[in-house]
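The values are calculated or read from the model by the stated rules, or taken from the named source; none is laboratory data. All values derive from a computational prediction rather than experimental measurement. Reconstructed Cβ throughout: ideal geometry from the backbone, glycine too, with neighbour counts over all protein chains shown.
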Amino acid sequence: MISHEIGFFLLQHGISEDVCEKALNETSQFFRRPLSEKMGKIDEREQIEYAAEYEQSHQDSTGEMSLYGRLRSTNPWPDAVQPSLRPAIMEYVKRVVDIADQLRESMCLAMNINPREVDHLFGPFDCTDPSFWSVKLVSYPPVPSHQATTSGEPLQGVGAHTDSNFMTLICQDSHSSGLQVQHVGGGWIDVPPTEPSILVCNIGELSEIWSNGYFLATPHRVLRHSSNTHSRTSIPLFYNPKLDAVIKPINTDGLMWHRCEQKQWRHKNNKLLGGVGVNSFKSLARSHPNMFQRHHSDLRILADGRIVRRDARDNASFVLCGLFVAPTGRIGDITRNGFINIARKETARDVSSDPIIYKTDIGHESNHAWEQELEPVEKIVLLGERHSGTNWITYHLQDCFSHGIQVTPHYSRFKHWFQKEDLYRGATNSAVVVSMFRDPYDWVWAMKERPHHAHDHIGLPWLEFVTKPWIGHRGPRDRNITLVPGMKENVTCFSQFSFVEVMPCSRDDSPKRAGYADYKYELFVDGSERAYSSIIDLRRAKIVNHLSVAQFSGTKAFYPFRYEDLESNGTELLLSLLERATGVERKCNATEPGREVRHKEVPKDYVEWMNKYGHWDVEAQIGYHRR
Ligand SMILES: O=C(O)CCC(=O)C(=O)O
Ligand SMILES: [Fe+2]
């Protein structure tokens with residue numbers, strides 16, 4: 001066995017080739033059916049998943065059903081549209097599970113242990129408590145010509161991941177390629193298309209736990225090559241011990257091998273879980289977060305992969321896989337804790353009330369979740385406009401977390417500015433973002449008193465300040481840019497703004513003024529070179545923009561907070577959310593609750609003006625209302 005560095009190998013299996021071929025043919029026939037029959041929609045890959053069937057739900061010894069016990073269910077086969085699918089796949093599963101049983105014996109022998117010592121962890125195929133296998137029928141559509149890049153770069157089929165189960169055996173397409181395995185150096189090795197007489201085998205995380213690292217779960221991915229003219233079909237069989245089995249490391253003292261370093265991509269929160277049931281349930285929740293949320297709305301997954309019942313606080317708001325999901329499904333629902341729920345776009349289609357995925361599903365969603373699982377959280381980012389308490393919180397968070405993770409006021413741009421998803425793509429792959437807001441009456445007044453960056457607004461009486469268009473002027477450098485044809489369109493200004501997004505564009509046109517920083521006015525985010533008509537409109541756009549950061553692909557968790565709540569409730573909630581999301585333990589004390597926030601003393605007619613002209617629909621999304 002050579003699975004210490006790369007847990008992948010090809011196996012000449014000896015089952016009748018007919019069995020694999022039939023299963024592959026039935027699978028590709030199924031995926032050629034019209035969408036209505038497949039009950040899904042095409043994305044990077046289409047998949048349909050079946051698992052070991054159980055007669056009835058299982059009660060554990062305490063009389064209460066374990067949470068993962070919900071996995072015990074039956075499979076809805078598409079017998080009505082393709083009756084030949086079920087027997088072909090079940091025959092395949094049975095034969096491949098048998099091979100997996102034999103491989104498991106070989107693994108025991110390789111580690112000098114008696115195979116009979118682990119028999120109790122696995123169950124015969126046809127019994128009431130079988131080994132918990134699952135099988136995926138997968139089809140990766142070819143790259144459509146309009147998506148093909150000129151360089152022929154492949155598209156993603158499945159992002160890099162390790163399998164969480166014990167061992168995976170795959171009968172795959174003999175024509176179309178795509179599967180790749182990562183070697184310890186980080187590069188990728190192609191698995192060539194293989195004949196049906198071959199099974200591609202790979203070690204899963206449970207084997208890694210069991211063998212104490214002797215066998216390694218190895219990252220792999222699937223690419224969609226534009227050279228593939230047909231869909232690539234594959235049928236991974238995920239072999240597992242019994243659902244109730246708990247896998248513990250064996251004693252490997254007598255074994256000699258070169259132990260690989262823990263891979264960098266394994267985030268410390270992505271713990272290897274030895275319980276087969278909890279591990280499988282975690283995998284389901286992470287691969288299909290939306291569906292999990294829909295069918296198990298009383299549960300939630302913690303950052304470390306454990307699934308628990310919600311407690312009272314979570315009824316207000318919770319984080320699933322780094323996404324904010326509103327229990328009410330509404331956007332901008334403010335909770336007592338002072339943070340808002342933002343419902344992420346739903347990409348999953350509805351499934352029946354069946355608690356487990358046995359229907360065609362969308363690959364995209366699961367790919368995304370896998371990537372999240374593999375990428376460590378890189379940084380805590382703090383965003384917020386001027387005068388929103390961001391400095392205080394940045395220092396506090398640096399104090400608490402810098403020993404374990406970077407805390408920074410920069411995301412795609414510095415904290416105050418409009419954020420843009422496609423800037424620095426790749427540079428920030430996984431950030432936990434804290435976005436701060438301040439009471440609109442106090443914020444506008446504070447800006448009036450000290451308009452950082454907005455030098456043309458210094459020293460104005462309040463009415464003039466709030467009604468003056470939010471616009472600056474360009475300088476000689478900017479004017480030169482406009483004189484050169486094509487330059488304005490191509491130039492990049494400071495903070496990665498384009499020319500039409502900021503005034504001025506050139507750093508030389510942006511003088512500093514003591515106490516007011518450099519001169520800079522942001523224009524409309526839509527690139528029309530229009531200015532916001534006042535600070536109120538700028539504020540509205542900024543709130544919308546900073547909330548949209550929750551949807552950025554690099555945002556793994558998003559916590560909007562009102563400055564006033566942090567002051568009066570203390571920072572305990574924020575710190576515990578960040579600990580959960582990053583896995584880094586704080587080295588500081590939360591601030592004490594009970595600090596009174598004193599609002600600014602402002603004239604009555606200013607309040608009336610704000611009541612009349614503030615954008616209260618958007619303010620309500622972050623929990624601010626008319627006085
Ligand atoms: O399609 C394949 O060949 C592999 C798919 C895979 O890695 C998975 O579903 O875990
Ligand atoms: Fe896999």
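In the range 508-517, how many residues are out of contact with any Phe, Trp or Tyr (no Cβ under 6 Å at 6 or more places or on another chain) and under 12 Å from GLY472 (Cα atoms)?
The initial filter retains those residues of the range 508-517 that are out of contact with any Phe, Trp or Tyr (no Cβ under 6 Å at 6 or more places or on another chain), namely 508-509, 512-517.
Next, from what is left, pick out any that are under 12 Å from GLY472 (Cα atoms): 509.
The total comes to 1.
Of all residues assigned to the range 213-222, at least one qualifies as being within 12 Å of ligand 2 (Cβ to nearest atom), hydroxyl-bearing (Ser, Thr, Tyr), at pLDDT below 90 and under 28 Å from VAL276 (Cα atoms).
Considering only residues in the range 176-196 that are modelled with pLDDT of 90 or more and in a loop (DSSP other than H, G, I, E, B), the one that is nearest to GLN156 (Cα to Cα) turns out to be GLY178.
Evaluated against (1) part of a strand (DSSP E or B); (2) touching a Phe, Trp or Tyr at 6+ places or on another chain (Cβ under 6 Å); (3) more than 10 Å from ligand 1 (Cβ to nearest atom), THR168 falls short on exactly one condition, (3).
Considering only residues of the range 223-234 that are of a type outside the set (D, E, K, R) and within 11 Å of ligand 1 (Cβ to nearest atom), which is modelled with the lowest pLDDT? It would help to see each step written out before you state the result.
Step one: filter the range 223-234 for residues of a type outside the set (D, E, K, R), giving 223, 225-231, 233-234.
Next cut, within 11 Å of ligand 1 (Cβ to nearest atom) only: 223, 233-234.
Values: LEU223: 87, THR233: 93, SER234: 94.
Once the filter is applied, the top-ranked residue is LEU223.
Hey, among the residues in the range 182-212 that are surrounded by fewer than 16 Cβ atoms within 10 Å (Cβ to Cβ) and within 26 Å of GLY14 (Cβ to Cβ), which one's farthest from ligand 2 (Cβ to nearest atom)? Applying the filter and picking the extreme gives GLU195. Taking the stated definitions as given, is ASP43 in a loop (DSSP other than H, G, I, E, B), more than 16 Å from ligand 2 (Cβ to nearest atom) and modelled with pLDDT under 75? So ASP43 fits the description; yes.
Taking the criterion of being without any contact (Cβ under 8 Å) to a residue 24 or more places away in the chain and not in a loop (DSSP other than H, G, I, E, B), the residues of the range 479-493 that qualify are ARG479, ASN480, THR482, LEU483, MET487, LYS488, GLU489, ASN490, THR492. Inspection of the range 599-610 finds no residue satisfying the criterion of being modelled with pLDDT under 90 and either of a type outside the set (Gly, Ala, Ser) or not in a loop (DSSP other than H, G, I, E, B) (or both).
Restricting attention to the range 555-582, which residues are closer than 24 Å to GLU421 by Cα, in contact with a Lys or Arg (Cβ under 8 Å, 6 or more places away or on another chain) and of a type in the set (Gly, Ala, Ser)? Of everything in the range 555-582, just one residue is closer than 24 Å to GLU421 by Cα, in contact with a Lys or Arg (Cβ under 8 Å, 6 or more places away or on another chain) and of a type in the set (Gly, Ala, Ser), namely ALA581. Examine the range 173-181 for a residue that is under 30 Å from GLY254 (Cα atoms), of a type in the set (Gly, Ala, Ser) and either within 16 Å of ligand 2 (Cβ to nearest atom) or surrounded by 21 or more Cβ atoms within 10 Å (Cβ to Cβ) (or both), and state whether such a residue exists. Within the range 173-181, not a single residue is under 30 Å from GLY254 (Cα atoms), of a type in the set (Gly, Ala, Ser) and either within 16 Å of ligand 2 (Cβ to nearest atom) or surrounded by 21 or more Cβ atoms within 10 Å (Cβ to Cβ) (or both). The set of residues in the range 228-254 being within 23 Å of CYS127 (Cβ to Cβ), within 16 Å of ligand 2 (Cβ to nearest atom) and part of a strand (DSSP E or B) consists of LEU237, PHE238, TYR239. Among the residues of the range 99-116, are any assigned to a helix (DSSP H, G or I), within 17 Å of GLU55 (Cβ to Cβ) and within 35 Å of the chain's Cα centre (by Cα)? No, the range 99-116 has no match at all.
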